[in-house]
Amino acid sequence: VNNTQASPRPTRHLKLAPSLLAADFARLGDELRAAEAGGADLIHVDVMDGHFVPNLSLGPLIVEACRRVTSLPLDVHLMISSPERYIGAFAEAGADIITIHAEATPHLHRALGLVRESGAQAGVALNPATPLAVLNEVLPLAELVLIMSVNPGFGGQTFIAESLRRLRAARALIDAQRPGCLLEVDGGINHETAPHAYRAGADVLVAGSAIFGGEGGVVHNLAALRRAVQADD
Ligand code: DX5
Ligand code: ZN
């Protein structure tokens, strides 16, 4: 046995998911085309109901409009109570991934099953205070785990540093129990926090203000974010 050889680094392909929440909704088509031109891997769509989170955003109608403009996978993040009620509507609107919060339903297992039956891929999201242990129960049903690095509801918040420890622990659970499941991080991702989040095990980085905000433009911002992570790798 040759154990002097260094074990190969796990291959993790960085995926960038611009969050539409920070886009200009009056120019949604242009914003989506710019994200696509800039090499975005997914389009992250934040759905808020003013109940699970203290904000309202958009529904299946907008998802359906996005579907007509882009061929990128639509990663729909449901920040809504009793998400079971709307899984069918979002799947029909063209969602590729439907992510449900563990805190949003007493029937998480059933809800993830319903997403899979709808034909979409199922994601499970955890707020910053939710124990990771729930993942042990539902990982077999999930294609994506979303670790929130802010308390959901608003764009432009500061990355919670503790999230790095949670990402490392979630990565270990995924590698042991469900290799291939994506690990996504959402909230406060920018050129400073992105390299840390990636190194901690995230493969999908959601970013709203860092991509659609600021002066540089979407294509430039995407490239800068990717460079920041790769320079660190
Ligand atoms: C927060 C949303 C995020 C938000 C991220 O509740 O789930 O997707 O758009 O925004 P930034 O990247 O600005 O923190
Ligand atoms: Zn989100």
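The values are calculated or read from the model by the stated rules, or taken from the named source; none is laboratory data. Just so it is clear, the model here is predicted, and its values are computed rather than measured. Here the Cβ is made from the backbone with ideal geometry for all residues, glycine too, and neighbour counts use every protein chain on show. Ligands, DNA and RNA are stripped out before the accessible areas are found, and what is left, the full protein with its side chains, is counted by its heavy atoms. Shrake-Rupley method; radii C 1.70, N 1.55, O 1.52, S 1.80 Å.
In segment 77-101, how many residues are crowded, with 20+ Cβ neighbours inside 10 Å, touching a helix residue (DSSP H, G or I) at 6+ places or on another chain (Cβ under 6 Å) and without any contact (Cβ under 8 Å) to a residue 40 or more places away in the chain?
So the answer is 6.
Restricting to segment 132-159, count the residues that are buried (at least 17 other Cβ atoms within 10 Å of the Cβ) and either closer than 12 Å to L112 by Cβ or among the acidic types (D, E) (or both).
8
Determine whether I174 is within 15 Å of ligand 2 (Cβ to nearest atom) and open to solvent by less than 30 Å² (accessible area, probe 1.4 Å).
So I174 fails the test.
Out of V124, V185, I need the residue that is away from ligand 2 (no atom under 13 Å from the Cβ), surrounded by 19 or more Cβ atoms within 10 Å (Cβ to Cβ), under 26 Å from H51 (Cα atoms) and not polar (S, T, N, Q). Which one? Before you say what the answer is, go through the steps one by one.
Numbers: V185 fails: away from ligand 2 (no atom under 13 Å from the Cβ).
Criteria check complete, one pass: V124.
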